[in-house]
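Peer 1: Handing you this structure, nothing more for now.
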Amino acid sequence: MKRKVYEKLIKWKNTSNGKTALLIDGARRVGKSYIVEKFAKENYKSYIVIDFNKVSDDIKNLFEYYLNDLDNLFLYLSNYFNIKLYKRESLIIFDEVQLYPKARSAIKYLVEDGRYDYIETGSLMSIKKNVKDILIPSEEQHIEMHPMDFEEFLWAIGNDTIMSLIEKCYEEKKPLGQAMHRKVMDYFRQYMIVGGMPQAVEEYINSKDFSKVDQIKRNILELYRQDIGKHAEGYNLKVERIFDEIPAQLQKHEKKFKLASISKEARFRDYEDAIFWLKDAMIINTCYNSTEPNIGLKLNMDFTTFKCYMADTGLLISHSFDENGIVTEEIYKKILFDKLEFNEGMIIENMVAQMLVATGHKLYFYSNSSREDASSRMEIDFLIAKSKISNRHNISPIEVKSGKNYTLSSLKKFMKKYKEQLYIPYVIHTGDLKQQDGITYLPIYMTSLL
């Protein structure tokens with residue numbers, strides 16, 4: 001499957017020229033190992049994959065005993081894997097490198113040696129256990145890999161042209177027209193149901209059977225649960241509680257995560273590490289309240305007021321409808337034909353969060369529950385800053401609407417109260433593009449173009 005991260009790998013190889021290693025961080029089953037090995041096959045004379053989930057202690061010990069004797073280190077690696085290494089023409093891949101942090105620490109010396117190129121893949125790269133007692137190499141270039149986006153999904157199902165039309169209409173701020181908009185929304189609903197995990201997409205392409213797709217997604221969710229039990233040492237129960245609570249929290253009208261729903265005595269400081277674990281595993285996307293919608297949204301971030309979205313909306317659907325262990329074909333059909341009223345809002349909003357993160361945005365929202373001033377009382381789903389900051393008009397508020405009939409009271413209050421900070425107000429909805437009363441209404445499939 002064609003992935004956009006591949007172009008980043010090419011750029012890294014051409015610009016780095018062995019001066020840095022590349023670390024690819026992403027959730028389990030997001031396709032890291034596949035794309036790196038594909039890149040290795042197509043761009044190097046030879047390559048070695050060291051999978052620290054499987055490799056023997058003999059290989060691990062090499063990084064402890066032979067860092068001062070790299071000639072022997074490479075000799076042992078070459079013979080163990082029966083692969084000849086060529087100077088400046090070979091790649092060594094450290095797969096699941098978080099499972100053996102000493103190998104990550106060795107990158108400093110390996111890059112300094114300069115003979116070969118190095119790519120590391122993994123998840124949970126920042127939690128204490130995986131960085132304890134090691135020196136994080138400054139020679140590491142870091143990129144994140146997310147689930148397949150809508151365009152990658154279109155490529156996978158054999159449509160290479162429709163995104164260029166979407167981009168053209170976005171740039172010209174013109175609607176696609178009723179027939180084409182309906183066609184794109186049909187594709188988008190398929191993407192929303194299947195999600196962006198490559199295994200699920202592959203199954204959908206091969207079988208078009210939603211129940212088989214759902215089973216793959218449930219296998220991935222079960223893998224995440226096993227990872228929580230295995231790697232979230234000391235606070236695995238707290239991680240599980242947050243993970244299990246996500247669908248119920250997103251189902252509420254006000255989607256802020258309420259720790260009190262887990263336990264009346266729950267406090268943010270007690271669950272902070274658990275939230276960070278899920279974020280670092282790239283299982284969730286966190287969205288924080290920015291208390292002042294101005295330049296530097298991060299500077300005004302309230303860590304204790306947040307929303308938790310699933311990193312993949314397809315997984316969220318399987319996670320949400322799990323009463324009978326499997327999402328029935330009937331529920332999937334209702335989503336496909338836009339007949340699912342219950343939970344539709346949370347699915348659409350989760351997808352917007354996923355698309356914003358995939359294009360490099362940090363997630364912020366605005367919430368003011370003032371009891372004294374009704375004009376200040378508002379909830380804005382997302383805030384984004386424009387790419388080139390100026391003295392004024394830098395912040396775009398985004399409201400996400402899943403139905404056809406809705407009000408925009410909070411957005412209009414925001415436009416009035418923060419007119420000096422206001423850039424372009426957006427409503428992301430399931431309808432076609434239009435501009436009205438100073439607001440740009442974007443179809444959800446254009447979110448990635450913001």
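The values are calculated or read from the model by the stated rules, or taken from the named source; none is laboratory data. Since the model is a prediction, treat every value here as computed from it, not as a measurement. Quick reminder, even Gly has a Cβ in these numbers, built from the backbone with ideal geometry, and neighbours come from all protein chains shown.
Peer 1: Filter region 246-261 down to residues that are farther than 18 Å from PHE382 by Cβ and free of Cβ contacts under 8 Å to residues at least 24 places away in the same chain and give me whichever is surrounded by the fewest Cβ atoms within 10 Å (Cβ to Cβ).
Peer 2: The qualifying residue surrounded by the fewest Cβ atoms within 10 Å (Cβ to Cβ) is ALA260.
Peer 1: Could you list all residues from region 48-93 that are closer than 20 Å to LYS38 by Cβ and aliphatic (A, V, I, L, M)?
Peer 2: Answer for region 48-93, where residues must be closer than 20 Å to LYS38 by Cβ and aliphatic (A, V, I, L, M): ILE48, VAL49, ILE50, ILE83, LEU85, LEU91, ILE92, ILE93.
Peer 1: I'd like the full set of residues that are hydrophobic (A, V, I, L, M, F, W, C) and either surrounded by fewer than 19 Cβ atoms within 10 Å (Cβ to Cβ) or outside the structural domain of GLU349 (by TED's automatic domain parsing) (or both), limited to region 422-445.
Peer 2: ILE424, ILE439 - these are the residues of region 422-445 that are hydrophobic (A, V, I, L, M, F, W, C) and either surrounded by fewer than 19 Cβ atoms within 10 Å (Cβ to Cβ) or outside the structural domain of GLU349 (by TED's automatic domain parsing) (or both).
Peer 1: From LYS404, LYS419, LYS388, grab the single residue that is closer than 25 Å to ASP338 by Cβ, surrounded by fewer than 16 Cβ atoms within 10 Å (Cβ to Cβ) and in the same structural domain as ASN343 (by TED's automatic domain parsing).
Peer 2: Among LYS404, LYS419, LYS388, only LYS404 is closer than 25 Å to ASP338 by Cβ, surrounded by fewer than 16 Cβ atoms within 10 Å (Cβ to Cβ) and in the same structural domain as ASN343 (by TED's automatic domain parsing).
Peer 1: Which ones in region 188-216 are at pLDDT below 95 and charged (D, E, K, R)?
Peer 2: Within region 188-216, ARG189, LYS208, ASP209, LYS212, ASP214 qualify.
Peer 1: Confirm whether PRO247 is closer than 17 Å to LEU316 by Cβ and touching a Gly at 6+ places or on another chain (Cβ under 9 Å).
Peer 2: no
Peer 1: Among helices (runs of 4 or more DSSP H) lying entirely in region 21-125, which contain 3 or more residues that are over 18 Å from ILE10 (Cβ atoms)?
Peer 2: Per the criteria, 57-65, 70-81, 101-113.
Peer 1: Then there is this: Within the bounds of region 178-192, is there any residue that is under 25 Å from SER448 (Cβ atoms), surrounded by 23 or more Cβ atoms within 10 Å (Cβ to Cβ) and under 20 Å from the mean Cα position of the chain (by Cα)?
Peer 2: Yes, that holds for at least one residue.
Peer 1: Do we have GLU222 as exposed (fewer than 13 other Cβ atoms within 10 Å of the Cβ), at negative phi and touching a residue at least 40 places away in the same chain (Cβ under 8 Å) here?
Peer 2: Here the answer is no, as GLU222 does not meet what is asked.
Peer 1: In region 193-219, which residues are surrounded by 15 or more Cβ atoms within 10 Å (Cβ to Cβ), without any contact (Cβ under 8 Å) to a residue 60 or more places away in the chain and of a type in the set (D, E, K, R)?
Peer 2: Within region 193-219, just GLU203 meets the criteria.
Yes/no per residue for (1) without any contact (Cβ under 8 Å) to a residue 12 or more places away in the chain; (2) farther than 30 Å from TYR235 by Cβ; (3) within 28 Å of the chain's Cα centre (by Cα); (4) buried (at least 20 other Cβ atoms within 10 Å of the Cβ):
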| residue | (1), (2), (3), (4) |
| --- | --- |
| ASP51 | no, no, yes, no |
| ILE59 | no, yes, no, no |
| ASN68 | yes, yes, no, no |
| ASN72 | yes, yes, no, no |
| ASN82 | yes, yes, no, no |
| LYS102 | no, no, yes, no |
| TYR109 | no, yes, no, no |
| ASP113 | no, yes, no, no |
| TYR118 | no, yes, yes, yes |
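Peer 1: Can I ask one more? Give ASN294, ASN289 a once-over and let me know the one that is in a strand (DSSP E or B), in contact (Cβ under 8 Å) with a residue 24 or more places away in the chain and surrounded by 14 or more Cβ atoms within 10 Å (Cβ to Cβ).
Peer 2: Only one candidate passes the filter, namely ASN289.
Peer 1: Still on this structure, I have one more. Please enumerate the residues belonging to region 272-304 that are of a type in the set (S, T, N, Q) and modelled with pLDDT of 90 or more.
Peer 2: ASN285, THR286, ASN289, SER290
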